[in-house]
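I have placed the structure first, in the form of structure tokens, so that the comments after it can refer back to it.
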There are 2 protein chains.
Amino acid sequence: MDISALKAKNPDHWTRACAIRALTLDAVTAANSGHSGMPIGMADVATVLYCKHLKFDAKNPKWADRDRFILSAGHGSMLLYSLLYLAGDEQITLDEVKNFRQWGARTAGHPENFHADAIETTTGPLGQGIATAVGFAMGEEILRARFGKKVVDHHTYVIAGDGCLMEGVSQEAITLAGRYGLGKLVVFWDNNGITIDGKVELSDKTDQVSRFRSAGWEVIEIDGHDPEEIDAAITAAKKSAQPTMIACKTHIALGHAAQDTSKGHGALTNAEQNAAAKENWGWAYGPFEVPAEVKNWWEEVGSRGAADRAEWEERFAALSDSRQKEFTRQQDGDTPKKLSAVIRALKKQISEEGPKVATRKSSEMVLEVVNPIMPETVGGSADLTGSNNTKTGDLGVFDVDSRKGRYVYWGIREHGMAAAMNGMALHGGLRPYGGTFMAFTDYARPSMRLAALMQIPTVFVMTHDSIGLGEDGPTHQPVEHLAISRATPNTLVFRPADTIETAEAWEVALTQKGTPSVLSLTRQNLPTVRREHKTGNLTSKGAYVLAEAEGKRQVILIATGSEVEIALAARDALQAEGIGTRVVSMPCMELFAQQDEAYRKRVLPAGPVRVGIEAATRLGGWDRWLLGERGREAKQAFVGMDSFGASAPAEVLYEKFGITAENVVAKAKGLL
Amino acid sequence: MDISALKAKNPDHWTRACAIRALTLDAVTAANSGHSGMPIGMADVATVLYCKHLKFDAKNPKWADRDRFILSAGHGSMLLYSLLYLAGDEQITLDEVKNFRQWGARTAGHPENFHADAIETTTGPLGQGIATAVGFAMGEEILRARFGKKVVDHHTYVIAGDGCLMEGVSQEAITLAGRYGLGKLVVFWDNNGITIDGKVELSDKTDQVSRFRSAGWEVIEIDGHDPEEIDAAITAAKKSAQPTMIACKTHIALGHAAQDTSKGHGALTNAEQNAAAKENWGWAYGPFEVPAEVKNWWEEVGSRGAADRAEWEERFAALSDSRQKEFTRQQDGDTPKKLSAVIRALKKQISEEGPKVATRKSSEMVLEVVNPIMPETVGGSADLTGSNNTKTGDLGVFDVDSRKGRYVYWGIREHGMAAAMNGMALHGGLRPYGGTFMAFTDYARPSMRLAALMQIPTVFVMTHDSIGLGEDGPTHQPVEHLAISRATPNTLVFRPADTIETAEAWEVALTQKGTPSVLSLTRQNLPTVRREHKTGNLTSKGAYVLAEAEGKRQVILIATGSEVEIALAARDALQAEGIGTRVVSMPCMELFAQQDEAYRKRVLPAGPVRVGIEAATRLGGWDRWLLGERGREAKQAFVGMDSFGASAPAEVLYEKFGITAENVVAKAKGLL
């Protein structure tokens, strides 16, 4: 392509944008891996966005009212790193750029939020950025309504590629954004017509413009290399009451031999071709070299927001002390001091009353006392509000004309919900939780994994957590889903046995700052198994002795959630035969594993035979607790599921699949 | 709603459709659970489809050239069961209908393909039906091209609800169908405006008509209660070269007190209201009673296809013997006899040559010899063709003008790909496999689980299966994904160590009839560890002794995939110190668990210390093999991952995360 016209028309812009292009070529070449074409193709859009519109202060990347920029096409990470380095970010230095994709560098292959303050979210798995951005934009709306426009008033900008838009989650995201009128969300579509396998049309012919319009979006079509068109489009987008998609016709790897080819998508490391590209661009500098004039200009861009920030700080200072404190507490993710008191009070009441309720209902009881004292919570459900019991009376419903509403009807969009919840958590100031059936962990998985990787405390309320769901059958009955979440690093999986444990699990989940939680809750009613009130949070230990053996301790029954009731019944039967039986409730394996060895041995001492009981697959972490101190064939057993479930009433299923006190007793006795 | 006009206009149709409505009310009431409103609302569409268009023979539900009917809104299962019972299906009897949702019944809460021949696929998780249908329709195109229109010429009909269309996977499905011009796919959208949480507009305002058009679909909008409009729309849809969406404006729970409400979505069991609804419909019969006249008419509908089938059988008989045999073999899912010979020949060649290649490349080498002798294979990749190595030279590319092509460019649609592959497998006559990065198991999960539940042999080719992926970093590095698939019932997870094991794994996967396989393959090169040719398939045993200890056997190293090389290096080091060390390669835990105890004990005898090595989480089934016969703290160790990975070159990551021969040696010696 002859790019001389582009250069000639806007020479200054061209040179500034070429700094991004050159740094990208150099870093990818040094790493001998990465993706060159996208940053080169989108440099013009990014340059105009950063220099004319994005509200940010490079030296204070965490300033609360900054605009958020999300690189959904995360493989083009050098676009973001180049921008940050050029603008004077103190973490993404030139050394970091030179260390692109190397051990210990902040400049990972894909942007990861925990490496630098200016990286808003982790992207790479396609579609996640745009879906997470919906949560950022919702968060802004909610906080603006709550704290006022003087304190919260910013935009969320996203760069998404064809890959992002082909992923199904993008449909959930754009229909949510359209439905909820997220006017401050602006998505740039890098319409370069290229994917890894070849031209986009090889696998897709979607009319993206009409697709976005069908979801209620404004759409503006521009030449993605024309700075004036880019500027005008962003200006228009900022005025729109609906979210805006700016379709940017671009050339991947612009000006390089690999331009407009799928080769251009990947790592461009051919020295000759790269030299030719730089010459073509008119970039006469050495590797990683940016002339002072260009760098200075970019640093001015990076410092432009300092004045905005200073003004914002003044406005913030004008808030009452208590409002300031509240805002700061929520931004910092600190839990209000009252939390432990209301949890304790609920536990006391429940231990006295001993209700028989499903733990999904228990969860609602907890939320009824938590939500009024934690205005930062935002609840929701993927169209199962009445089943997940996630909506409490005080929340109000988030909508176009009720932005203070704290309950989101997510529709049948588990994946979009999970991603948007992550976005709220990342935005700051909000603590999102949302529900669906536990089997649909499968739908939400990509975002649940990202929550763990990103170290954010999203809470996934997963109800109907076993064959106890009953007649809806195996498609709706989780079997392997406890294993899925337990196998995921940095994830707390709670399976509480009653309302007391549910309250304790919520308390732990709500005090996390860097770890998501999965609450595994029943459809069916369960008795209150903890009738003696304890002020301490036993669930925070992961496992504890719920019922001690009378006489010589011969058996330890270890159970979670709905199966604790079965363990207690089995204990009664065993004790009646004079067999001393301890019951250990294990609501959170991860927390139990974190206890010191002395505690673990106290709860699970060597000697007695062990039977684990959980209506799920044994592979969900059980071998560790059952096989630990004894030989396999002789001294332990597991009562659970080793197949998919079936469609029938819950009691029948428990009977047919052998998850019964009788079976536990027989197993235990067989081991003695 | 006053439905007298509907009744008066088409009295016969009305009565016949009401048989579905009444059976639904009765079955849901008897079960005291289920979903009444959808079958009641879609009874008119279903009646017209079955009586005027659907090509089926109720007594021969598996006839190869039948039209396929897929109830994507699977919660409305009574619609399907009513239709089947009425039309004279011999498996879905009146007794089965009366036993709706009970243990052992074929009439599960959601339709499950393994309960009755006429149930084409398992639905319930929303969006799965429509996405699976894409594979059915592709399968029809491919087989029609291969065997001719006289033998293969049928439609795929889908009923989808708002829930299906809100799920992201529906976008992947409809853009695939649009791109590939699947003109024989017809989707009825049950546009009733209601979800569980309330009106659709509560969470969605998508213009579905323009959304489908943006994906290249024909769209016809009709009154879903007007039999003439329904008939005309289906007639038009059958003529379309593009897939057609028929938007059916309907009333959920038509004529019932719960009509047009979210209550109507669920179980309508109020006796009084139900009686009133039946009176409103003009249905004066007792529970489960269908007057002979109506039943006879429906049975005529059910037998109408018998003549079509007889004609088809004549046409089929006109094929050459070899074509008939080939068609039948492929429909039955039988593997050609030649398979084991070509696998053996490849193994022999490889054991002699000993190439050092990535197992993703090994997989390609296998496919290069398999695809030419198995015309039923259909390969593909979610835009990672050159990375997954799924495309072999002979396949040709499936496209609008090349229907014989056996390679599908799925685009960036892991979920849609997995679902459509399932659809091909369910359709019969095809054996689909498809690739993506293993970390994106997360995106494909809902359909991978369904493959296992549905008992179909879809093959998921998951490459870049560990931190060995390198610089792309933790978003792209699987850690927990072996655990995810291993925890899923009825799934074979293969992690081959070299080309030989890869060939053996493919052989096992390709001979499955009722179990999906996951192939976990490396990005990085691996040596050939099996240099001695064995004709038998050792991988089919799940684990075997790869290298025996010299001298007294003190250590057993158990490893999979890329870590077998590390185990062998560790063995060398240990043997050099005089420590007898056995290496067990364990390419498939599920198959090893299926071996008899004598074999398992022969491979893993008690006595030696054990070290497991796998660049993944220990929770992926390791405790069972490590803790089996010995105490935990004393005698075993695991070398793997207990966190997410990082972005750096693969060798650096193995070093930094301690997955090295040195570490294995140290661990083993520490246990002695």
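Cα atoms only: what Rg and Dmax, in Å, come out for the protein assembly as shown?
Spelled out, the Cα radius of gyration and Dmax of the protein assembly as shown are 30.7, 93 Å.
Give, as a single signed number, the net charge of other residues whose beta carbon lies under 12 Å from the beta carbon of A:F288, with Lys and Arg counted +1 and Asp and Glu -1.
Every neighbour counted, the sum reads -2.
Amide H of B:I613: which non-local residues (sequence gap of 5 or more, or other chain) have their own amide H closer than 5 Å, using H built in the peptide plane?
Long-range HN contacts for B:I613: B:I558, B:A559, B:T560, B:V639.
Can you list which of the GluC sites (Glu not before Pro) found in the range B:488-589 are DSSP loop residues with at most 15 other C-beta atoms within 10 Å?
B:E532, B:E548, B:E550, B:E577
If amide hydrogens are placed 1.01 Å from N in the peptide plane, which non-local residues have theirs closer than 5 Å to the one on A:F69?
Counting only residues 5 or more places away or on other chains, the set is A:Y157.
Out of all DSSP beta bridges with both ends in the range B:338-526, state the antiparallel percent to the nearest 5.
Of those bridges, close to 15 percent are antiparallel.
Quick one: if you stick a label point 7 Å off each Cα along the C-beta vector at B:W103 and A:E90, how many nm between them?
Placing both labels 7 Å along Cα→Cβ, they lie 6.7 nm apart.
If you keep only loop residues by DSSP, which trypsin sites (Lys or Arg not before Pro) in the range A:126-185 have at most 14 other Cβ atoms within 10 Å of their Cβ?
A:K149
Could you work out how far the C-alpha centroid of the range A:31-109 sits from that of the range B:514-555, in angstrom?
What the calculation gives is 44 Å, centre to centre.
Residue by residue through the range B:285-298, what is 3J(HN,Hα) from phi via Karplus (6.51 cos²θ - 1.76 cosθ + 1.60, θ = phi - 60°)? Round to whole Hz and write x for glycine and proline.
So the J values, rounded to whole Hz, are 10, x, x, 6, 8, 10, x, 3, 4, 5, 4, 4, 4, 5.
Step through the residues of the range B:395-406 one at a time and calculate ³J(HN,Hα) from phi using the Karplus curve (6.51 cos²θ - 1.76 cosθ + 1.60, θ = phi - 60°), rounding each to whole Hz and writing x for Gly and Pro.
Those phi angles translate into 5, x, 10, 5, 7, 4, 9, 8, 6, 7, x, 10 Hz.
What does the helix-only formula give at 222 nm for chain B: each DSSP H stretch with n ≥ 4 adding -39500 (n - 2.57), the total divided by the residues, and the result rounded to the nearest 500 deg cm²/dmol?
Dividing the helical sum by the residues of chain B leaves -13500 deg cm²/dmol.
If I stretch the segment between A:K59 and A:A284 completely, what's the gain in nm (0.36 nm per residue apart, minus their alpha carbon distance), one decimal?
Taking A:K59 through A:A284 to full extension adds about 78.1 nm, to one decimal.
Gap in Å between the Cα centre of the range B:404-452 and the Cα centre of the range A:369-396?
Computed from Cα coordinates, the inter-centre distance equals 37 Å.
To the nearest 0.05, how large is the calculated FRET efficiency for B:K149 and B:K513 if R₀ is 30 Å and r is the Cβ-Cβ distance?
Given R0 = 30 Å and the Cβ-Cβ separation, E is 0.60.
Suppose every Lys and Arg Cβ carries +1 and every Asp and Glu Cβ carries -1, with no other charges. What dipole size does the range B:541-671 come out with about its Cα centre, to the nearest 20 debye?
500 debye
Could you give each residue of the range B:541-551 its phi-based ³J(HN,Hα) in whole Hz, using Karplus coefficients 6.51, -1.76, 1.60 with θ = phi - 60°, and x for Gly or Pro?
Calculated HN-Hα couplings, in order: 8, x, 7, 7, 7, 8, 9, 8, 5, 9, x Hz.
Hand me the trypsin sites (Lys or Arg not before Pro) from the range A:36-75 located in a DSSP loop with no more than 12 other Cβ atoms within 10 Å, in residue order please.
A:K62
With everything on Cα atoms, drop me the angle between helix A:77-87 and the longest principal axis of chain A, reported from 0 to 90° to the nearest 10.
Taking the Cα atoms of chain A, the angle to A:77-87 is about 60 degrees.
If one takes the longest principal axis of the Cα atoms in chain A, at what angle in degrees, from 0 to 90 and to the nearest 10, does the Cα axis of helix A:563-576 lie?
In chain A, helix A:563-576 runs at an angle near 20 degrees to the longest axis.
Working from Cα positions, state the angle (0 to 90°, nearest 10) between the long axis of helix B:414-427 and the longest principal axis of chain B.
Taking Cα atoms only, the helix is inclined about 70 degrees.
So for the pair A:D399, A:A606, with labels modelled 7 Å out along Cα→Cβ, what separation do we get in nm?
Using points 7 Å along Cα→Cβ, the separation is 6.4 nm.
Say R0 is 41 Å: what FRET efficiency, to the nearest 0.05, do A:S340 and B:S4 get from their beta-carbon distance?
Once the sixth-power term is evaluated, E becomes 0.05.
To one decimal in nm, how far is B:I3 from the same spot in the other copies, if labels go 7 Å from Cα toward Cβ? Please give the shortest first.
Label-point separations across copies, in nm and ascending: 6.5.
Extending each Cα 7 Å along its Cβ direction at B:Y599 and B:A275, get the distance between those two points in nm, one decimal.
Distance between label points: 6.4 nm.
Hey, quick one: spin label on B:S240, modelled 7 Å out along Cα-Cβ, who in the range B:408-452 has an amide N within reach, i.e. under 14 Å?
none
Step through the table entries A:K656/B:K98; A:K7/A:K238; A:K62/A:K348; A:K356/A:K601; A:K667/B:K667, compare each Cα-Cα distance with 30 Å, and write down the pairs that go over it.
A:K62/A:K348; A:K356/A:K601; A:K667/B:K667
Values quoted throughout were computed directly from the atomic coordinates according to the rules given, and no laboratory measurement underlies them. It should be emphasised that the depicted structure is a prediction, and the values quoted were computed from it without experimental measurement. When we count neighbours, we look across all protein chains shown, and the Cβ atoms used for this are built from the backbone with ideal geometry, even at glycine.
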